[in-house]
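Working notes for the structure below.
A short reminder: the numbers here are calculations on the coordinates, not readings from a lab. If you're wondering where the values come from, they're calculated on a predicted model, not measured in any experiment. All Cβ positions, glycine included, derive from the backbone under ideal geometry; neighbour counts span all protein chains shown.
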Ligand SMILES: NC(=O)c1ccc[n+]([C@@H]2O[C@H](COP(=O)([O-])OP(=O)(O)OC[C@H]3O[C@@H](n4cnc5c(N)ncnc54)[C@H](O)[C@@H]3O)[C@@H](O)[C@H]2O)c1
């Protein structure tokens, strides 16, 4: 079986490589000359753990080209994994998907299956079918084809594991022939247990949006609970554990923080709301999810300003720029807005991220940001430290040493990676998200107002 994957970004490249790992001959296509040149030189254009090794391992079964016609002629099955970014009205921009469907219609030369792997709004399969049929009719060729929706659920940072060992594979199609083809294609994965959910095309398209919207809802929910914890003296991390152990709720996506970002949740939740409007449907819950998330991004500034009202001339260290750990993806990363705003308010910002600094330079093109070679260098002589991405290497830092190298003692933990008591004992004025202090050790140089409910109110005098 020959497989073509069009769009070799975070989803397309990982899919292509994993199909090769399953033993298929794979051709990856992209319009970006630079990306294809890099891949043909053995370089990996994105950071994804394990990807480089898997590409090397499957080199003989992987080809990359910008020639889309060649790609469509090559594949028995053509995956479209191009981007579907938001347009100016927050709808999914389908121009790349439509362009790929048109190319498919222009070049298909026998029975082939067109698979939408990109996240596309309900009804896109029908649109692609019409585009392809028009091209096939225009050419007057007898080229049969079927449409499948096979949305992707991988997480950046764990993309290979998620692709080779998915929770489920969703296959939406109206064609028995295509369904059997897809079942055969995924057999190397399904034989070890991953279930296939067979649906019609529209249902498969909806499953993807419903999944992302639900996960975003969990995040906004716990952020709202965190904000209320701050008012009452409860601790959100313990609340999350207490509810997450209930199997009906589950513990994942219950980490309070500075709001969700990234290339999927922000655009997909808004795109579903917009799709609803086309049907005069009002997604009340999802609008609240977006509003809570927008407000959460402001909360970190409220916290910052309540302790350091004037940022002019202050040095602020930032740990983490990527929207989440184990990726270099900067799309819609909360750090972009936060860093730019601190800069605009006159702060000098020093930042460190273990992998995304090269990509970040594009996101901060006109920002005078100082990039450092490690986390401690960023913190050196800083008045305050902001943790914006929960990289593991930040969790294990020596807090006493950290406090020693800093000028000030404010630790704004936007991801709740530290225990308040440990940070306070190390001399920090700790500000987390919805945290409370469990117990207070008495010490001659620690002064704590224990009557105040939230950690933000806990004052620590720097040694
Ligand atoms: N990134 C994720 O974690 C993730 C997870 C699940 C689903 N998705 C969805 O998968 C899709 C792709 O996401 P991504 O993160 O891989 O995007 P990406 O931007 O990393 O990759 C898209 C690729 O498509 C290429 N491209 C654009 N137009 C093209 C065309 N006409 N012909 C050939 N190539 C073209 C781009 O050059 C780019 O390399 C999106 O719909 C996204 O919502 C993403």
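The table below lists the values:
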| item | result |
| --- | --- |
| Ascending count of other beta-carbon atoms within 10 Å, so fewest first, for 260, 111 | 111, 260 |
| Pairs of Cα atoms farther than 14 Å apart, segment 346-387, % | 45 percent |
| Whether segment 52-152 is rounded, prolate or oblate, judged on the alpha carbon gyration tensor where a/c under 1.5 counts as rounded | oblate |
| Segment 297-347, Rg to Rh (Cα coordinates; Rh as Kirkwood inverse mean 1/r) | 1.00 |
| Column: log10 I(q)/I(0), Debye, Cα scatterers of segment 200-463, q = 0.09, 0.12 Å⁻¹ | -0.42, -0.74 |
| DSSP bridge pairs, segment 2-197: antiparallel proportion in percent, nearest 5 | 10 percent |
| Per-peptide average of other Cβ atoms within 10 Å, ordering 115-123, 247-255, 285-293, 315-323 highest first | 315-323, 115-123, 285-293, 247-255 |
| DSSP bridge orientation in the chain - percent antiparallel, rounded to nearest 5 | 5 percent |
| Contact order relative to length of the chain, as percent, for alpha carbon pairs under 8 angstrom and 6 or more apart | 11 percent |
| Largest-first principal axis extents, alpha carbons of segment 107-167, Å | 45, 23, 16 |
| Of every Cα-Cα pair in the chain, the percent that sits beyond 44 Å | 20 percent |
| Point-to-point label distance, residue 174-residue 66, nm (Cα→Cβ direction, 7 Å offset) | 3.7 nm |
| Cβ crowding within 10 Å averaged over residues, with 153-166, 136-149, 182-195 ranked highest first | 153-166, 136-149, 182-195 |
| Radius of gyration and maximum dimension Dmax of segment 2-197, Cα, Å | 15.8, 46 |
| Radius of gyration and Dmax over the Cα atoms of segment 91-137, both given in Å | 10.4, 34 |
